[in-house]
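Computed from the coordinates by the stated procedures, all read-outs in this text should not be read as laboratory data. All values reported here derive from a predicted model rather than from experimental measurement. In this analysis, Cβ positions are derived from the backbone assuming ideal geometry, glycine residues included, and neighbour counts consider all displayed protein chains.
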Amino acid sequence: MSTLLKNKVAIVTGSAQGIGEATSEVLSREGALVMMCDINSRKLIDTVRNISQKTGNICNAHKVDVTNEAQVIKTVQEIVLH
């Protein structure tokens, strides 16, 4: 694992699969704390687990519908206050 992004937080939407999943994995490999967001919580949990195991870095799952502004605001606030 690289430490290029150590002590950095990344929020990735659509991270349960595809480009979002790949982006989350790269950020995690570089040492970022990745806050993975997706509407599909079942797939998201599996993806978070897989990336955390592959990279040795912990990722967090957040179920959020990015078309719902209130959910996005609440999620970002929770991440920032965490």
**Report entry** Hits in segment 1-38 (condition: more than 10 Å from the chain's Cα centre (by Cα) and among the acidic types (Asp, Glu))
**Finding:** GLU30
Query - Residues within segment 60-82 that are part of a helix (DSSP H, G or I) and surrounded by 14 or more Cβ atoms within 10 Å (Cβ to Cβ), tallied - result: 5
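Quick check on my filter: what residues within segment 9-51 are outside any helix (DSSP H, G or I) and over 22 Å from HIS82 (Cα atoms)?
Going through segment 9-51, the residues outside any helix (DSSP H, G or I) turn out to be 9-17, 30-40.
Answer for segment 9-51, where residues must be outside any helix (DSSP H, G or I) and over 22 Å from HIS82 (Cα atoms): GLN17, ASN40.
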Query raised in the report: So which of LYS6, LYS54 is free of Cβ contacts under 8 Å to residues at least 40 places away in the same chain, surrounded by fewer than 18 Cβ atoms within 10 Å (Cβ to Cβ) and in a loop (DSSP other than H, G, I, E, B)?
Result: LYS6
Query raised in the report: Somewhere in segment 20-31, is a residue surrounded by fewer than 16 Cβ atoms within 10 Å (Cβ to Cβ) and out of contact with any Cys (no Cβ under 6 Å at 6 or more places or on another chain)?
Result: yes
Query raised in the report: How many residues are exposed (fewer than 15 other Cβ atoms within 10 Å of the Cβ) and either in contact with a Pro (Cβ under 9 Å, 6 or more places away or on another chain) or under 22 Å from GLU78 (Cβ atoms) (or both) if we restrict to segment 9-19?
Result: 1
Query raised in the report: Restricted to segment 39-56, and to residues that are over 9 Å from the mean Cα position of the chain (by Cα) and among the β-branched types (Val, Ile, Thr), which residue is nearest to THR75 (Cα to Cα)?
Result: ILE39
